[in-house]
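> One structure is given below, represented as structure tokens, and several questions about it will come after.
The values are calculated or read from the model by the stated rules, or taken from the named source; none is laboratory data. All values reported here derive from a predicted model rather than from experimental measurement. In this analysis, Cβ positions are derived from the backbone assuming ideal geometry, glycine residues included, and neighbour counts consider all displayed protein chains.
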Amino acid sequence: MANPFKPSAGSTPPLLVGRDDVLDDFTAALSDGPGAPGRLAFVTGARGVGKTVMLTTLGDIARGEGWEVVDETATRGLIDRLTRSVRAARHDTGVEDKPRTRSFSVGVASLGSVSKEFDLPPADPHDLRIEIGRLLDSPVMADSGLLITVDEIHTIATDELDQLAAITQHLIREGRNIALVMAGIPQAVDQLIADNAQRPRVSTFLRRAEMMVLGKVDEADVAESFLETARRAEREWSADVAAQCAKATRGYPFMIQLVGYHTWRAAGAERISYEHAERGIEVARRKIGQLVHAPALQDLSDVDKTILVAMAQDDGPSRSTDIAKRIGKNTNYVSVYKGRLERAGMIDVLPNGRLAFSTPELREYLVEHAAHFVMNPWTEGQSL
């Protein structure tokens, strides 16, 4: 059979592991009626945690409840594409344009009254709010609604976000069955909901959105997902080997797919063994740098990357004092960037205050590429 694992951007894996709470909350929001909290939400987390997959899954849930779903990516022209998609959905459900008319009457004592009816020009066909209203007002949509998902919000134009937020806010106030879920890395979400004097109503509205924060998956759940995938395919995969593979993923969703894919591929039609797992893990460790770490680091500032490289000198979790010494700054300075890196999903702050990398193989990738990422004026004479 075909390899069931999907280590490519946005591809839905055979099993969505460790996300039951998020899915249950969204399902409840669809049932709870207009204005339910989960109907306005951000899906956020570091690269590779499955944000796009989550949007796809939420869309599948909504379709299963009879909702119309429009999926989009936040590039220029978003509002126009959404308008066209909603119009197409409206036509697919049999809701056609209705001619708009207006009548008036004039009364004259000696003549009686004269009535006149005339056609109005059609509403702006590019008005998203009008199109959504027409769709949701249809009798065939009485027990369902419309879900809009928007991916990659770091690329969205502010004016289009403002339009989409304002339209959604009005529809919610009108009691419409509308849901809007947007996905993006933490920095992008933070920027969109930040206080902004030029758009206070929009930023206030978006700050009320639910945060579906996707993180790591418990390794026991990962191991069980490997075993369940093998059972479905009638393949042999022992619990010990599955645990070995799960440990290598460190609960990181994209690494789950990489390890699963390359281990499955190494085994061919044979029983999956320790040797196959070792080969698959080795390939996965190489691939994650190219597919995840490189693009994630591009989103960071030079200072962010310099601090990560300073952390990479340690074999385990790093102390802020050591990082400060290596970059020639004080611990207060490091604390500012520590918070930024934690929100970006690059590091975890442990209970003892030490800093650890949140994604597998990031330390090794940074060591290999340190010369490219470090800020030379700060680290002159340092072995970064």
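> Give the residue, chosen from ILE256, ILE272, that is in contact with a strand residue (DSSP E or B) (Cβ under 6 Å, 6 or more places away or on another chain) and either surrounded by fewer than 17 Cβ atoms within 10 Å (Cβ to Cβ) or within 14 Å of ALA223 (Cα to Cα) (or both).
Going through ILE256, ILE272 in turn, the sole match is ILE272.
> I'm trying to understand the selection: among the residues of the stretch 225-250, which are assigned to a loop (DSSP other than H, G, I, E, B), free of Cβ contacts under 8 Å to residues at least 40 places away in the same chain and within 13 Å of PRO14 (Cβ to Cβ)?
Matches in the stretch 225-250: ARG235 only.
> Here are the criteria: (1) at pLDDT 90 or above; (2) assigned by TED's automatic domain parsing to the domain that holds ARG231; (3) surrounded by fewer than 21 Cβ atoms within 10 Å (Cβ to Cβ). Tell me which single one ILE288 does not satisfy.
So ILE288 meets the others, but not (3).
> Hey, could you check the stretch 125-146 for residues that are part of a loop (DSSP other than H, G, I, E, B) and small (Gly, Ala, Ser) and say which is modelled with the lowest pLDDT?
Among those that are part of a loop (DSSP other than H, G, I, E, B) and small (Gly, Ala, Ser), it is ALA142.
> Just one of (1) in contact with a His (Cβ under 6 Å, 6 or more places away or on another chain); (2) on the phi > 0 side of the Ramachandran plot trips up ALA267, so point out which.
Looking at each condition in turn, ALA267 falls short on (2).
> Does at least one position in the stretch 167-188 carry a residue that is at pLDDT 80 or above, part of a helix (DSSP H, G or I) and in contact with a Leu (Cβ under 6 Å, 6 or more places away or on another chain)?
yes
> Restricting attention to the stretch 332-383, and to residues there that are modelled with pLDDT under 90, over 23 Å from PRO186 (Cβ atoms) and of a type in the set (D, E, K, R), which single residue is surrounded by the fewest Cβ atoms within 10 Å (Cβ to Cβ)?
Checked the stretch 332-383; the qualifying residue surrounded by the fewest Cβ atoms within 10 Å (Cβ to Cβ) is GLU380.
> Could you pull out the residue among ASP240, ASP218, ASP159, ASP151 that is farther than 30 Å from ARG279 by Cβ, surrounded by fewer than 18 Cβ atoms within 10 Å (Cβ to Cβ) and not basic (Lys, Arg)?
Details: ASP240 fails: farther than 30 Å from ARG279 by Cβ; ASP218 fails: farther than 30 Å from ARG279 by Cβ; ASP151 fails: surrounded by fewer than 18 Cβ atoms within 10 Å (Cβ to Cβ).
The conditions single out ASP159.
> Further question on the same structure: Out of the strands (runs of 3 or more DSSP E) lying entirely within the stretch 15-124, which hold 3 or more residues that are in contact with a Pro (Cβ under 8 Å, 6 or more places away or on another chain) and either at pLDDT below 60 or of a type in the set (A, V, I, L, M, F, W, C) (or both)?
none
> Take the conditions at pLDDT below 85, in contact with a helix residue (DSSP H, G or I) (Cβ under 8 Å, 6 or more places away or on another chain) and within 18 Å of GLU65 (Cβ to Cβ) and apply them to THR149. Does it pass?
no
> Just checking, how many residues over the stretch 189-212 are among the small types (Gly, Ala, Ser) and at pLDDT 90 or above? Reasoning before the result, please.
Step one: filter the stretch 189-212 for residues among the small types (Gly, Ala, Ser), giving 194, 197, 203, 209.
Narrowing further to those that are at pLDDT 90 or above: 209.
Matching residues across the stretch 189-212 total 1.
> Given the residues ASP21, ASP25, ASP60, which is the only one that is free of Cβ contacts under 8 Å to residues at least 60 places away in the same chain, within 25 Å of ILE193 (Cα to Cα) and of a type outside the set (A, V, I, L, M, F, W, C)?
ASP21
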